[in-house]
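Visitor: Just dropping this structure here.
The values are calculated or read from the model by the stated rules, or taken from the named source; none is laboratory data. Computed from a predicted model, the values in this text were never measured in an experiment. Heads up, the Cβs are rebuilt from the backbone with ideal geometry, glycines too, and the neighbour counts pull from every protein chain shown.
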Amino acid sequence: MDVIDYIGVNVLQSRVYLGLFDELDWRDEQAHRLALTKKIDRYIGYIRSGKLLLNYPRVRGFEIAIEYVSTHPMTSSAVEFWKTRERVINDLGFKAHIRGVDVRRSLGIPVEELQQDHSDPVEPPALEVLDPDPLTQVAGVTYLPPLPPRHRKQPLPILRRLAMRHAAM
């Protein structure tokens, strides 16, 4: 059974996101890599089988992005592994994104808060003005001279066009 964690559509960017949530931690990297590879293969199979377009016909022609959402911190070797998966996904013609989500609060795990600095803001030093009037050297397109007659497109007279059409038949 094909299970896709989420599908999001960005109409403005003409992009479809297939979200892949990863709730496993990276303690057993070998098993995690195998599970992640199988899940990516299922996603690619879902796209290539046409089920995505069957379920979402309005996204035909949209760019497809597989978005990996990690709910646990990734080790450096896990990041390298994801980069290899990213290359495979890109070679297949899809985009790949990675995003981390901190789920510690929702799981009841205490999170150390960063202390905010409540001091008065400091105004940055003034920037030196290099050119007091930069617009004096810019020419507006409204002041450009017209093209000479030899560079303008000349329409063919109607009789000449008809003669050319008749000769082509």
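Visitor: Being of a type outside the set (Asp, Glu) and in contact with a His (Cβ under 8 Å, 6 or more places away or on another chain) is the filter here, so list the residues in the stretch 30-82 that pass it.
Guide: Selection gives Ala65, Ile66, Tyr68, Ala78.
Visitor: Which residue out of Arg58, Arg85, Arg99 is modelled with pLDDT of 90 or more and outside any loop (DSSP other than H, G, I, E, B)?
Guide: Arg85
Visitor: Something else about it: Filter the stretch 17-60 for residues that are under 21 Å from Val101 (Cα atoms) and of a type in the set (Val, Ile, Thr); which is surrounded by the most Cβ atoms within 10 Å (Cβ to Cβ)?
Guide: Result: Ile40.
Visitor: Can you tell me which residue in the stretch 16-30 is farthest from Ser76 (Cα to Cα), limited to those that are part of a loop (DSSP other than H, G, I, E, B) and either of a type outside the set (Asp, Glu) or without any contact (Cβ under 8 Å) to a residue 40 or more places away in the chain (or both)?
Guide: Leu24
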